[in-house]
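Chemist: What follows is a structure written as structure tokens; I'll ask about it next.
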Amino acid sequence: MNTSQDRANRIAAWSARSRDLLWIITLGFITQIIVLGIISAGWTTANLAVSVFLIFTTILTITGALDAMDDINAISQDAQADEAELKAQKRFVDTQWGMFKGLIVVGFGLTAIASLYIMWIA
């Protein structure tokens, strides 16, 4: 079926998962900033708890962001043939998702590893 309600449902789902992605990345970024603040303040007595928190939130951020991107991509693939000619749909199909996924993994992952290194080794 390709009713106007089907199209509206896809747009709503796309919008919701896009908002989820924004919030996931924002909360992951805020977590990294808080951890870096704790490290720079020299509060070493909290290293174990901060490490667990950092690892947990980094894993959630990475997996949540990748899942949201995959959901957005799946929603886009549900577009009907007449929607394939829309400029927004063509733009979406041309998006290099691998680069964005790589940036999420590398950015959050390396920041977490660097923070752990500073807390425990340096």
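The values are calculated or read from the model by the stated rules, or taken from the named source; none is laboratory data. These numbers come from a predicted model, not from an experiment. Heads up, the Cβs are rebuilt from the backbone with ideal geometry, glycines too, and the neighbour counts pull from every protein chain shown. Heavy atoms of the whole protein, side chains included, go into the accessibility calculation; ligands, DNA and RNA do not. Shrake-Rupley method; radii C 1.70, N 1.55, O 1.52, S 1.80 Å.
Chemist: Here are I59, I24, I39: which of them is of a type in the set (A, V, I, L, M, F, W, C), part of a helix (DSSP H, G or I) and more than 18 Å from the chain's Cα centre (by Cα)?
Modeler: Details: I59 fails: more than 18 Å from the chain's Cα centre (by Cα); I24 fails: more than 18 Å from the chain's Cα centre (by Cα).
Criteria check complete, one pass: I39.
Chemist: Something else about it: Applying the selection to segment 1-37, what residues are at pLDDT below 95, small (G, A, S) and under 16 Å from M69 (Cα atoms)?
Modeler: A12, A13, S15, A16, S18
Chemist: Something else: Working only within segment 53-77, note down all residues that are under 16 Å from G107 (Cβ atoms) and open to solvent by 70 Å² or more (accessible area, probe 1.4 Å).
Modeler: I55, I59, L60, T63
Chemist: Among the residues of segment 78-122, write down those that are open to solvent by 70 Å² or more (accessible area, probe 1.4 Å) and over 24 Å from L21 (Cβ atoms).
Modeler: Within segment 78-122, A81, D82, E85, Y117, I118, W120, I121, A122 qualify.
Chemist: Given the criteria out of contact with any Leu (no Cβ under 8 Å at 6 or more places or on another chain), open to solvent by 60 Å² or more (accessible area, probe 1.4 Å) and either assigned to a helix (DSSP H, G or I) or not polar (S, T, N, Q) (or both), does A8 qualify? Spell out the reasoning first.
Modeler: Values: out of contact with any Leu (no Cβ under 8 Å at 6 or more places or on another chain): yes; open to solvent by 60 Å² or more (accessible area, probe 1.4 Å): no; either assigned to a helix (DSSP H, G or I) or not polar (S, T, N, Q) (or both): yes.
In short, no.
Chemist: Considering only segment 65-117, state which residues are closer than 27 Å to I30 by Cβ, free of Cβ contacts under 8 Å to residues at least 60 places away in the same chain and over 18 Å from the mean Cα position of the chain (by Cα).
Modeler: Listed by number, the residues that qualify are A114, Y117.
Chemist: Looking at G37, G42, which is the one that is farther than 17 Å from I121 by Cα, exposed (fewer than 15 other Cβ atoms within 10 Å of the Cβ) and among the small types (G, A, S)?
Modeler: Step by step, each of G37, G42 is checked, and only G37 is farther than 17 Å from I121 by Cα, exposed (fewer than 15 other Cβ atoms within 10 Å of the Cβ) and among the small types (G, A, S).
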